[in-house]
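Read the structure below first, then the notes.
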Amino acid sequence: PSHDNYQQIIAGCYNKYYDIEHNPCAGSWKNIENFLKHIFEEHYEYALDYIQLLYTNPQQPLPILCLASKENNTGKSTFINLLKWIFQKNMAIIGNKELESDFNSGWISKLIIASEETFLDKKATMESIKSISTAETISMNAKGKDLVEIDFFGKFVFATNNEEDFIRISENDERYWIRKIKAIPMEKRDE
């Protein structure tokens, strides 16, 4: 994966990562800046680092980002849509069923794997996500095809309205970055 030195063919092999259709440039970004400050509050600088690392060093391991709030109009889905706009075909938005399925070929090769309305109550699924999130390689499983081992560089982003128990995490697990998101004030929703 690369955003600043993309190559379709590498050492005679087809690159399954996609080139993105835009290039960063200087300009006003006040609305996005305000939005990111809302989502990440005191972790705003960390959020900028997180997004920059996604772009400049896509193979860098990063924590599983969890955006949780029982309130509506918080910006959780908008943040996922912003990432999709930036990283385009290199991001998959999937549901709980895809996370629990044995077949992963639709999302396992993506940079960002996002799930909205996440609620993972099966221990096997939670353990699988924890294991995958730190793996360097993984088996890609497509229906009707043999397993293929591929490099894994994906980052999980979960959004949920279930603040209390959408996923079981031990107190000392450092793989997760959990943000409780407040509702966007009415007067700022159209900015």
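The values are calculated or read from the model by the stated rules, or taken from the named source; none is laboratory data. These figures come from a predicted structure and were not determined experimentally. Cβ coordinates were reconstructed from backbone atoms using ideal geometry, including for glycine residues, and neighbour counts include every protein chain displayed. In case anyone asks, the SASA skips ligands and DNA or RNA and just uses the protein heavy atoms, side chains included. Shrake-Rupley method; radii C 1.70, N 1.55, O 1.52, S 1.80 Å.
Summary table
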| quantity | calculated |
| --- | --- |
| Selection status of residue 83, in a helix (DSSP H, G or I) and surrounded by 17 or more Cβ atoms within 10 Å (Cβ to Cβ) | yes |
| Within region 152-179, tally of residues that are among the hydroxyl-bearing types (Ser, Thr, Tyr) and either open to solvent by 60 Å² or more (accessible area, probe 1.4 Å) or out of contact with any strand residue (DSSP E or B) (no Cβ under 7 Å at 6 or more places or on another chain) (or both) | 1 |
| Of all residues in region 104-143 being modelled with pLDDT of 90 or more and more than 20 Å from residue 17 (Cβ to Cβ), the one that is least open to solvent (accessible area, probe 1.4 Å) | 115 |
| Residue tally, condition under 21 Å from residue 113 (Cβ atoms), of a type in the set (Val, Ile, Thr) and in contact (Cβ under 8 Å) with a residue 24 or more places away in the chain, over region 141-191 | 6 |
| Residue 41 in a loop (DSSP other than H, G, I, E, B), surrounded by 11 or more Cβ atoms within 10 Å (Cβ to Cβ) and not hydroxyl-bearing (Ser, Thr, Tyr) | no |
| Given (1) in contact with a Gly (Cβ under 9 Å, 6 or more places away or on another chain); (2) modelled with pLDDT of 95 or more, number of the condition residue 44 does not satisfy | (1) |
| Of all residues making up region 44-78, the number that are touching a residue at least 60 places away in the same chain (Cβ under 8 Å), open to solvent by less than 30 Å² (accessible area, probe 1.4 Å) and farther than 19 Å from residue 133 by Cβ | 4 |
